[in-house]
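Student: Here it is: the structure, laid out below.
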Amino acid sequence: MHHNPITVNNLSYAYPDGTEALREISFSIAATERVALIGANGSGKSTLQLHLNGILLPQAGEIIVGELQVKLENLQAIRNFVGLVFQNPDDQLFMPTVGEDVAFGPKNLGLRGLELRSRVVNAMMAVGLDVDIYSSRSTEALSGGEKKRIAIAGVLAMQPQILVFDEPSAQLDPRSRRQLIQLLQSLPLTQLIATHDLDLALELCPRTIVLSQGKVVYDGSTTAVMGNAEFLLDHALEVPLSYSRPYCLIADAPIQLN
């Protein structure tokens with residue numbers, strides 16, 4: 001495990017139409033840290049996430065993942081190090097059965113036999129799914145919560161050190177959402193969680209990074225930023241439901257970055 005799995009230095013990125021999606025972003029995330037990434041639509045969250053395993057490459061600045069710079073010649077190693085879990089699990093589940101889907105990544109690394117079986121079993125156990133019950137099930141015959149778990153299992157089978165989640169609680173019912181929170185709390189991996197579910201961020205992540213118009217405008221205590229209604233409103237966000245209840249204490253206001 002590396003001391004600093006993610007370091008981002010002055011990262012900037014503009015799309016072909018000239019839209020500046022990221023503007024001189026800098027931060028670092030330490031091993032096993034769970035960090036929320038929040039911001040309004042268009043703030044740059046998805047663009048940032050796609051840089052972390054090289055789907056997009058930096059136009060300016062740099063990203064260090066583990067000890068590797070994100071650049072073309074390092075992409076295979078980086079994609080083994082960083083697991084990206086998309087918002088919609090249907091974007092990740094494409095094999096006929098659950099077992100085949102979870103095995104897909106390590107099988108493409110050349111694993112076979114008992115080693116491959118061990119990867120699949122351990123990954124499915126980590127997300128709380130019985131291998132004997134689920135392995136032969138069709139990936140299309142799953143609930144939303146089950147699909148999320150299988151998508152995460154497929155990433156875990158690659159044995160990453162960093163997990164990057166895009167809206168992990170989207171489209172989940174309350175019970176599945178609670179199970180997901182418990183799952184993410186149990187995973188001893190570095191996690192960056194992009195979400196509009198600010199209550200989930202408050203429960204899971206001691207630290208929050210706020211993006212606004214492609215810039216980091218806050219990086220610090222989650223409880224502090226979630227309690228500052230004026231700051232959140234300024235950046236097209238709202239106080240989480242748990243903080244809007246009358247009996248909740250409002251945390252100290254965060255310091256806005258220049």
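The values are calculated or read from the model by the stated rules, or taken from the named source; none is laboratory data. Every value quoted in this text rests on a predicted model; they were computed, and no experiment measured them. Ideal geometry is used to build each Cβ from the backbone, glycine not excepted, and the neighbour counts take in all protein chains shown.
Student: Looking at segment 96-137, which of its residues are surrounded by fewer than 20 Cβ atoms within 10 Å (Cβ to Cβ), small (Gly, Ala, Ser) and assigned to a helix (DSSP H, G or I)?
Tutor: Gly113, Ser118, Ala126
Student: Which residues, counting only those in segment 65-122, are of a type in the set (A, V, I, L, M), over 20 Å from the mean Cα position of the chain (by Cα) and farther than 24 Å from Thr47 by Cβ?
Tutor: Of all residues in segment 65-122, those of a type in the set (A, V, I, L, M) come to 65, 68, 70, 72, 75, 77-78, 82, 84-85, 93, 95, 98, 102-103, 109, 111, 114, 116, 120-121.
Cutting the leftovers down to over 20 Å from the mean Cα position of the chain (by Cα) gives us 72, 95, 98, 103, 109, 111, 114, 116, 120-121.
Answer for segment 65-122, where residues must be of a type in the set (A, V, I, L, M), over 20 Å from the mean Cα position of the chain (by Cα) and farther than 24 Å from Thr47 by Cβ: Met95, Val98, Ala103, Leu109, Leu111, Leu114, Leu116, Val120, Val121.
Student: Going by what's in this entry, would Glu140 be described as modelled with pLDDT under 95 and in a helix (DSSP H, G or I)? Steps first, answer last, please.
Tutor: Details: modelled with pLDDT under 95: yes; in a helix (DSSP H, G or I): no.
So Glu140 does not fit the description; no.
Student: In addition: Starting from segment 173-197, keep only residues that are within 14 Å of Leu163 (Cα to Cα), then list their pairs with residues that are of a type in the set (Phe, Trp, Tyr) whose Cβ atoms are within a distance under 6 Å, requiring at least 6 positions of separation or different chains.
Tutor: Every condition considered, the pairs that remain are Ile193/Phe165.
Student: For segment 10-45, which positions are part of a strand (DSSP E or B), of a type in the set (A, V, I, L, M, F, W, C), under 18 Å from the mean Cα position of the chain (by Cα) and surrounded by fewer than 20 Cβ atoms within 10 Å (Cβ to Cβ)?
Tutor: Listed by number, the list holds a single entry, Phe27.
Student: Within segment 46-73, how many residues are touching a residue at least 40 places away in the same chain (Cβ under 8 Å) and surrounded by fewer than 16 Cβ atoms within 10 Å (Cβ to Cβ)?
Tutor: Residues that pass the stated criteria total 4.
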